[in-house]
Amino acid sequence: KALPASAKVQCIMPNTPVVVSEGVLLVAEENSVDKEDREWILDLLGSCGRVVELPTRLMDAGMAISGCGPAFVDMIIEALADGGVKNGLQRKQAYELVCQTLIGSAKLQLESGKHPGQLKDEVCSHGGWTIKGVASLEKSGIRTAFIEAIDAILE
């Protein structure tokens, strides 16, 4: 309301990884910019990471995941590294292992297009370490915790 009627408005929500050109930049489909300006905006934003256009009604859900998600991922990094340190790794080494594992796993999912459950199953050998760890995480309610975190944001 404070803007003049001639103002061009485009809702954009970046996340913190834009600092290293690996962010997610949510762009609302509804806007008041013309096609040429919109193409310029999307091109500019693309230099900071992955641009995802969403219907305006889904921007809050997208922001809950990509806007708040870095904090949740940071908690995962910290917790997995703590587990490594508890079992003898140096902290710097633990962070390196965790971070590269997250980068590689995310890239594998994006590039392969495989369902994350399928990728998880490809790591889990019968009676092996990974399935034991997965079972422990499931017992702790990891999926419910993440879903409820998104729900809490959107309440």
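The values are calculated or read from the model by the stated rules, or taken from the named source; none is laboratory data. Just so it is clear, the structure is predicted and the values come from calculations on it, not from any experiment. For neighbour counting, all protein chains shown are included, and Cβ atoms are generated from backbone atoms with ideal geometry for every residue, glycine included. Note: areas computed on protein heavy atoms with side chains; ligands, DNA, RNA excluded. Shrake-Rupley method; radii C 1.70, N 1.55, O 1.52, S 1.80 Å.
I'd like to know if the stretch 101-120 contains one or more residues that are over 25 Å from GLY23 (Cβ atoms) and surrounded by 10 or more Cβ atoms within 10 Å (Cβ to Cβ). Show your work before the answer.
Taking the stretch 101-120 and keeping what is over 25 Å from GLY23 (Cβ atoms), we get 117-118, 120.
When the remaining residues are screened for being surrounded by 10 or more Cβ atoms within 10 Å (Cβ to Cβ), the result is 118, 120.
Yes, the stretch 101-120 has at least one match.
Conditions first: (1) of a type outside the set (A, V, I, L, M); (2) more than 24 Å from ASP151 (Cβ to Cβ); (3) open to solvent by 40 Å² or more (accessible area, probe 1.4 Å); (4) in contact with a Leu (Cβ under 9 Å, 6 or more places away or on another chain). GLY84 passes all but one, so which condition is the exception?
With (1) of a type outside the set (A, V, I, L, M); (2) more than 24 Å from ASP151 (Cβ to Cβ); (3) open to solvent by 40 Å² or more (accessible area, probe 1.4 Å); (4) in contact with a Leu (Cβ under 9 Å, 6 or more places away or on another chain) applied to GLY84, the lone miss is (3).
Rundown of residues vs (1) over 30 Å from SER140 (Cβ atoms); (2) among the β-branched types (Val, Ile, Thr); (3) within 19 Å of the chain's Cα centre (by Cα), yes/no style:
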residue: LYS1; (1), (2), (3): yes, no, no
residue: LYS8; (1), (2), (3): yes, no, no
residue: CYS48; (1), (2), (3): yes, no, yes
residue: ILE77; (1), (2), (3): no, yes, yes
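Starting from the stretch 41-61, keep only residues that are within 16 Å of ASN31 (Cα to Cα), then list their pairs with residues that are among the aromatic types (Phe, Trp, Tyr) and modelled with pLDDT of 95 or more whose Cβ atoms are within a distance under 7 Å, requiring at least 6 positions of separation or different chains.
Listed by first residue and then by second, the contacts come to nothing, as the list is empty.
Given the conditions (1) open to solvent by 60 Å² or more (accessible area, probe 1.4 Å); (2) farther than 22 Å from GLY67 by Cα, and given that GLU155 satisfies all but one, which numbered condition is not satisfied?
It fails just one condition, (2).
Quick check on my filter: what residues within the stretch 64-81 are open to solvent by less than 60 Å² (accessible area, probe 1.4 Å), closer than 21 Å to VAL20 by Cβ and in contact (Cβ under 8 Å) with a residue 60 or more places away in the chain?
CYS68, PHE72
Conditions: (1) within 24 Å of ARG143 (Cβ to Cβ); (2) not in a helix (DSSP H, G or I). VAL27 meets all but one. Number of the miss?
Result: VAL27 passes all but (1).
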